[in-house]
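Here is the structure we will look at, set down as structure tokens.
The values are calculated or read from the model by the stated rules, or taken from the named source; none is laboratory data. Quantities reported herein were computed from a predicted structural model and do not represent experimental measurements. Ideal geometry is used to build each Cβ from the backbone, glycine not excepted, and the neighbour counts take in all protein chains shown.
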Amino acid sequence: MSEGTVFVGTKPIMNYVLATLTQFNEGATKVVIKARGKAISRAVDVAEIVRNRFLPNVDVTSIKIDTEELESEQGRKVNVSTIEITLEKKEE
């Protein structure tokens, strides 16, 4: 079972949708969409656009949320939320 990963950042949403679709078209049966901080809502949008507009045979199989501790430029520790949305092709 092949698996791909798409890291969501600050680019337009359709860039990440295209990256996800490309993973599936290249034979991946599972794609994980990862994001943290302010990009989390963008990652949710990517998953929903892929499922509703382009690939109706894809399901969300898991959603993991977590917190990462990063060090800011001032040396302080900052908590940043993360999300991993797993999309998987249904058996046809």
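For this structure, a couple of remarks:
Conditions tested, residue by residue: (1) at pLDDT 95 or above; (2) part of a strand (DSSP E or B); (3) exposed (fewer than 13 other Cβ atoms within 10 Å of the Cβ); (4) not polar (S, T, N, Q).
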{"position": "Val17", "(1), (2), (3), (4)": "yes, no, no, yes"}
{"position": "Ala28", "(1), (2), (3), (4)": "no, no, no, yes"}
{"position": "Ala35", "(1), (2), (3), (4)": "yes, yes, no, yes"}
{"position": "Ala43", "(1), (2), (3), (4)": "yes, no, no, yes"}
{"position": "Arg51", "(1), (2), (3), (4)": "yes, no, no, yes"}
{"position": "Asp66", "(1), (2), (3), (4)": "yes, yes, yes, yes"}
{"position": "Leu70", "(1), (2), (3), (4)": "no, yes, yes, yes"}
{"position": "Ile83", "(1), (2), (3), (4)": "yes, yes, no, yes"}
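- In the range 53-64, the residues that are in a loop (DSSP other than H, G, I, E, B) and of a type in the set (A, V, I, L, M, F, W, C): Leu55
- Which listed residue is more than 19 Å from Lys30 (Cβ to Cβ), out of contact with any Cys (no Cβ under 8 Å at 6 or more places or on another chain) and not polar (S, T, N, Q), from Lys77, Lys89, Lys64: Lys77
- Counted residues, the range 25-62 - those being in contact (Cβ under 8 Å) with a residue 12 or more places away in the chain, of a type outside the set (D, E, K, R) and more than 17 Å from Val80 (Cβ to Cβ): 16
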